[in-house]
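I'd like to ask some things about the structure below.
The values are calculated or read from the model by the stated rules, or taken from the named source; none is laboratory data. The structure displayed is predicted, hence computed values, not measured ones. All Cβ positions, even for glycine, are placed from backbone atoms using ideal geometry, and neighbour counts span all protein chains on display.
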Amino acid sequence: MIFRQIFDSESATYTYLLAPHEGGEALIIDPVAQKVGQYLTLLDELDLRLMKAIDTHVHADHISGLAALRDATRCITVIGADAAVDCVSRRVADGECIEIDGLALRTLQTPGHTPESCCFLWENAVFTGDTLLIRGTGRTDFQNGSAAAQYDSLFKKLLTLPDATLVYPGHDYRGNTVSTIGEEKRFNPRLQVASKKDYVGLMGDLHLADPKMMDVAVPANLTPGLDQRDIDRHGWSLDARRLQKLLAGEKPLLIDLRDREERARHGVIPGSTHIPYGDLDNTIGPGGLLNKLAPAARRGIVFYCAHGERSAMAVTASRQAGLGRAVHLAGGFDDWQRQGGAVERL
């Protein structure tokens, strides 16, 4: 098992890299843009393939590394379902799992620091972002934060985990690296309150200065989406209405790139074939399934995912691999549903 805790001293941010073993798949939590070069070097040294980059929330104190990592590695970007960002590959709700080969994180929606804040449970450890810090909690006085919501997230969700659960926070300003749920119950001063009202009053009396980078970081982190204009200009995309017309006639080869759990939770476009995005390179290369099927697909190949980001990357990779009739569904399954497209439940 590979586990790395990487510290950014400028923002006091912890980034976490996890992988089942060297030479396999990896995921990263809360990457910092200025550290992306370090992450890429580490990935190369350990022969890891970055599959997923996750933000626990929209950060105000640093620019996220999600977009830079996606552009460098074609990884899937992930954030909480309620995030007001322009586009990521996947938005996760409470209870959803984020999986790579041999490793799974379970999403805990924990609003309060921000509305979209999430924590991620992995075996006997929880990555708490800015919801629960070591001997502290994340502030709730900007970005539509709510001390009342945070109280519920803490006392009704995180603090119900076993006391031995390891706590890996998103920040620390005193050099601490890890704690446990039991320790925080006993020694975290912000958790020694008698009621939600007391917690709201405590958080309202902090009177802290705004993060130095907030005016730069928040706008940047709200717009991490892949710029798809080049794909549109090349004619490599179609909208939901056009896809509905195609499916009514001579059907294209329709490929669903989403993870298994996304398909089970949200349904599929009827007639689609499941090839998870992580398997794409193997299927479009020489001898791969799509490479073999592409010549027989009269109407070509149409990729789709949740919001259009994975499918946009898939089109580019497929074209580079010589699959010249590949396009993608702009806006993804999300837009397909908004336009009244048929959905089949698994």
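Is it the case, given these coordinates, that Thr128 is of a type in the set (S, T, N, Q), more than 12 Å from the chain's Cα centre (by Cα) and crowded, with 24+ Cβ neighbours inside 10 Å? Don't jump to the end; show me each part of the working.
Values: of a type in the set (S, T, N, Q): yes; more than 12 Å from the chain's Cα centre (by Cα): yes; crowded, with 24+ Cβ neighbours inside 10 Å: yes.
Spelling it out, Thr128 is indeed of a type in the set (S, T, N, Q), more than 12 Å from the chain's Cα centre (by Cα) and crowded, with 24+ Cβ neighbours inside 10 Å.
For every residue, the table says whether it meets (1) out of contact with any strand residue (DSSP E or B) (no Cβ under 9 Å at 6 or more places or on another chain); (2) in contact (Cβ under 8 Å) with a residue 60 or more places away in the chain.
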{"site": "Met213", "(1), (2)": "yes, yes"}
{"site": "Ala220", "(1), (2)": "no, yes"}
{"site": "Asp232", "(1), (2)": "yes, yes"}
{"site": "Leu238", "(1), (2)": "no, yes"}
{"site": "Gln244", "(1), (2)": "yes, yes"}
{"site": "Arg265", "(1), (2)": "yes, yes"}
{"site": "His274", "(1), (2)": "no, no"}
{"site": "Thr283", "(1), (2)": "no, no"}
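For region 27-131, give me every one of the strands (runs of 3 or more DSSP E) that falls completely inside it and has 2 or more residues that are farther than 28 Å from Tyr304 by Cα. Spell out how you get there, then give the answer.
Working: elements: 49-54, 76-80, 90-92, 97-100, 103-109, 118-122, 125-129.
Once the strands (runs of 3 or more DSSP E) in region 27-131 are filtered for at least 2 residues that are farther than 28 Å from Tyr304 by Cα, what remains is 118-122, 125-129.
So, in region 251-269, exactly how many residues are more than 20 Å from the chain's Cα centre (by Cα) and not charged (D, E, K, R)? Write out each step before concluding.
Taking region 251-269 as the starting set, the residues that turn out to be more than 20 Å from the chain's Cα centre (by Cα) are 251-255, 268-269.
Right, trim to not charged (D, E, K, R) and you get 252-255, 268-269.
The total comes to 6.
Give the number of residues within region 102-117 that are of a type outside the set (S, T, N, Q) and either within 13 Å of Tyr151 (Cα to Cα) or in contact with an Asp or Glu (Cβ under 7 Å, 6 or more places away or on another chain) (or both).
Quick first cut of region 102-117, residues of a type outside the set (S, T, N, Q) only: 102-106, 108, 111-113, 115-116.
When the remaining residues are screened for being either within 13 Å of Tyr151 (Cα to Cα) or in contact with an Asp or Glu (Cβ under 7 Å, 6 or more places away or on another chain) (or both), the result is 108, 111-113, 115-116.
Within region 102-117, residues that are of a type outside the set (S, T, N, Q) and either within 13 Å of Tyr151 (Cα to Cα) or in contact with an Asp or Glu (Cβ under 7 Å, 6 or more places away or on another chain) (or both) number 6.
If I ask for residues that are charged (D, E, K, R) and part of a loop (DSSP other than H, G, I, E, B), which ones from region 147-191 would you list?
Lys156, Lys157, Asp163, Asp172, Arg174
Regarding region 134-144, can at least one residue be identified that is modelled with pLDDT of 95 or more and farther than 23 Å from Leu208 by Cα?
no
With the requirement that a residue be hydrophobic (A, V, I, L, M, F, W, C) and surrounded by fewer than 16 Cβ atoms within 10 Å (Cβ to Cβ), what does region 221-271 give you?
First, pick out the residues of region 221-271 that are hydrophobic (A, V, I, L, M, F, W, C): 222, 226, 231, 236, 238, 240, 243, 246-248, 253-255, 257, 264, 268-269.
Leu222, Ala248, Ala264, listed by residue number.
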